[in-house]
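J.: Structure below; questions to follow.
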Amino acid sequence: MKNNKLIIKTESKSYPIYFGNNILKITGKLIGKNLPKVRKICIIADNKLPKILLNKLIKSLRKYELKVYKLHANEKIKNLRIANRIIEQLINYNFNRSDCIIAFGGGIIGDLSAFISSITKRGLKFINIPTTLLAQVDASVGGKTGVNSNQGKNLIGTFYQPDFILSDVSILKSLPHREMIAGYAEILKHSLILDRKFFFWLSKNGKNIINKKNNIYLTDAIIKSCKIKSKIINRDEKEENLRMILNFGHTFAHGFESAKNFSKQLNHGEAVLLGMIIASELSRKKGLLPSKELSLIKRHYSNLKLSTNIKKVFKKNEINKIIYFMKKDKKNINKKINLILLNKIGRVTKFKKTSLRSIEIKKFLNSYYR
Ligand SMILES: NC(=O)c1ccc[n+]([C@@H]2O[C@H](COP(=O)([O-])OP(=O)(O)OC[C@H]3O[C@@H](n4cnc5c(N)ncnc54)[C@H](O)[C@@H]3O)[C@@H](O)[C@H]2O)c1
């Protein structure tokens, strides 16, 4: 498979994403080319990754002075205390602004490492090597960094773009099926909000992608997804308007995850899948989305065995809790809940156009239990 490169352009910075199969071993070469002044590198790695992968990365960086942190990736480590501990050590090791941090993990490691890079000495160099599908198609692209506060997820953070991203499909070999589905949720979202043709392509090839049966289709889906996300962030880096369409399905998902207290019972991707199908059904109910389009989306879900049934995840008496958290969403204006809905596959409603009273959403969710 040939290697591919995509340049992400934002107001603050342009940088490449390198895509390919088994390209981890050229990380050192790419640093030499993109960041010739780097002398010291700190790798922040997910400790669940197969050892062979970290060894491969370390081998490619043998000419640099290396510090390696291995962390157990879970939302509890994405906090200021861990960030501060690593920052203090980097300062102690005399890391300066031409030195570099590499995130080697999924979205948790990526968000934490990017945050550390952005605030240490007002900005170290930063490279992201995402190791989950979700991080390859979503979390690594866009420059949002963050840690959790005691009062909620991702409430502390900065915008900070990496110097480059290396997206190696072979790293996904060890990724569990459930995490593949979680990443696929964001790929599907990108097609639903902005690219009808891509949706039909996914309808044909989705199964092979989720089951890792075909690395070429998987890489194509990752590249296409990054292109769609980059098109949006090129025009709205700081989430002032257009970028909000990326929240399709996510207002519901946020309510679902919060109501479950972010437990492993429902991961982010599963919540997004459920959120997108419910947002699609609500779009139909509001007369925004034709029934035929909804049927195509439902068929996509059923062909890929993606979960659509809210009743399997929540009891009726949990709806109040879901609504409570949906009301707290950052995107709401006044007392209403702001939603991104669908007009057709590949086109969403404009941000701020659809805001509904919580009672209406509650009634709609309750209707699933009749
Ligand atoms: N910055 C953004 O724009 C953005 C966007 C979406 C999500 N996020 C954040 O991303 C996080 C979720 O990211 P995620 O879904 O990648 O989760 P994650 O980082 O928790 O990884 C999921 C699981 O997969 C394991 N894992 C990672 N790579 C593996 C591999 N190659 N082989 C085997 N196991 C592997 C991890 O140890 C973990 O158990 C959340 O904290 C979310 O807030 C950020």
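The values are calculated or read from the model by the stated rules, or taken from the named source; none is laboratory data. The structure displayed is predicted, hence computed values, not measured ones. Quick reminder, even Gly has a Cβ in these numbers, built from the backbone with ideal geometry, and neighbours come from all protein chains shown.
J.: Looking at segment 1-33, which of its residues are surrounded by 18 or more Cβ atoms within 10 Å (Cβ to Cβ), part of a loop (DSSP other than H, G, I, E, B) and not hydrophobic (A, V, I, L, M, F, W, C)?
T.: Within segment 1-33, just 10 meets the criteria.
J.: Of all residues in segment 68-86, how many are farther than 27 Å from residue 173 by Cβ and either away from the ligand (no atom under 12 Å from the Cβ) or surrounded by 18 or more Cβ atoms within 10 Å (Cβ to Cβ) (or both)?
T.: Residues that pass the stated criteria total 7.
J.: Starting from segment 55-79, keep only residues that are of a type in the set (A, V, I, L, M), then list their pairs with residues that are in a strand (DSSP E or B) whose Cβ atoms are within a distance under 6 Å, requiring at least 6 positions of separation or different chains.
T.: Short answer, once both residue conditions are applied: 61/41; 66/41; 68/43; 73/46; 73/105; 77/71.
The rows are residues; the columns are (1) surrounded by fewer than 24 Cβ atoms within 10 Å (Cβ to Cβ); (2) more than 10 Å from the ligand (Cβ to nearest atom).
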position	(1), (2)
88	yes, yes
91	yes, yes
101	no, yes
136	no, no
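J.: Which residues, counting only those in segment 117-134, are surrounded by fewer than 23 Cβ atoms within 10 Å (Cβ to Cβ) and within 14 Å of the ligand (Cβ to nearest atom)?
T.: Correct list: 118 only.
J.: Mind listing just one residue for me: the one in segment 282-311 that is in contact (Cβ under 8 Å) with a residue 60 or more places away in the chain and buried (at least 20 other Cβ atoms within 10 Å of the Cβ) and, of those, nearest to residue 136 (Cα to Cα)?
T.: Across segment 282-311, the extreme among qualifying residues is 306.
J.: Scan segment 71-83 and give yes if some residue there is of a type in the set (Gly, Ala, Ser), closer than 24 Å to residue 142 by Cα, part of a loop (DSSP other than H, G, I, E, B) and in the same structural domain as residue 165 (by TED's automatic domain parsing), otherwise no.
T.: The answer is yes, given that some residue of segment 71-83 is of a type in the set (Gly, Ala, Ser), closer than 24 Å to residue 142 by Cα, part of a loop (DSSP other than H, G, I, E, B) and in the same structural domain as residue 165 (by TED's automatic domain parsing).
J.: Being surrounded by 18 or more Cβ atoms within 10 Å (Cβ to Cβ), within 12 Å of the ligand (Cβ to nearest atom) and of a type outside the set (Val, Ile, Thr) is the filter here; which residues of segment 34-56 pass it?
T.: The answer is 45, 46, 49, 53, 54.
J.: Let me ask something additional. Filter segment 278-305 down to the residues that are out of contact with any Leu (no Cβ under 8 Å at 6 or more places or on another chain) and closer than 21 Å to residue 362 by Cβ and list them by number.
T.: 285, 287
J.: Here is a follow-up. What is the one condition in (1) under 27 Å from residue 243 (Cα atoms); (2) in a helix (DSSP H, G or I) that residue 141 does not satisfy?
T.: Status for residue 141: all satisfied but (2).
J.: Name the residues in segment 279-332 that are part of a loop (DSSP other than H, G, I, E, B) and under 22 Å from residue 199 (Cα atoms), would you?
T.: Scanning segment 279-332 gives 287, 288, 289, 290, 304, 305, 306, 307, 308, 309.
Okay, residues lined up against (1) in a loop (DSSP other than H, G, I, E, B); (2) among the small types (Gly, Ala, Ser); (3) at pLDDT 95 or above; (4) closer than 25 Å to residue 41 by Cβ:
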| position | (1), (2), (3), (4) |
| --- | --- |
| 129 | no, no, yes, yes |
| 161 | yes, no, yes, yes |
| 181 | no, no, yes, no |
| 190 | no, no, yes, no |
| 200 | no, no, yes, no |
| 218 | no, no, yes, no |
| 223 | no, no, yes, no |
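J.: What number of residues within segment 1-33 satisfy the criterion of being over 19 Å from residue 56 (Cβ atoms) and not hydrophobic (A, V, I, L, M, F, W, C)?
T.: Here the count works out to 11.
J.: Next up: Assess whether residue 215 counts as being surrounded by fewer than 21 Cβ atoms within 10 Å (Cβ to Cβ), out of contact with any Asp or Glu (no Cβ under 7 Å at 6 or more places or on another chain) and under 26 Å from residue 76 (Cα atoms).
T.: Judged against the criteria, residue 215 is not a match.
J.: Still on this structure, I have one more. Going through segment 202-216 one residue at a time, which ones are in a helix (DSSP H, G or I) and either touching a Phe, Trp or Tyr at 6+ places or on another chain (Cβ under 6 Å) or more than 27 Å from residue 347 (Cβ to Cβ) (or both)?
T.: 205, 208, 209, 210, 215, 216
J.: Within segment 112-122, can you find the residues that are free of Cβ contacts under 8 Å to residues at least 60 places away in the same chain and under 25 Å from residue 26 (Cβ atoms)?
T.: 114, 117
J.: Name the residue, out of 149, 170, 113, 174, that is more than 9 Å from the ligand (Cβ to nearest atom) and within 16 Å of residue 209 (Cα to Cα).
T.: Result: 170 is the single residue among 149, 170, 113, 174 that is more than 9 Å from the ligand (Cβ to nearest atom) and within 16 Å of residue 209 (Cα to Cα).
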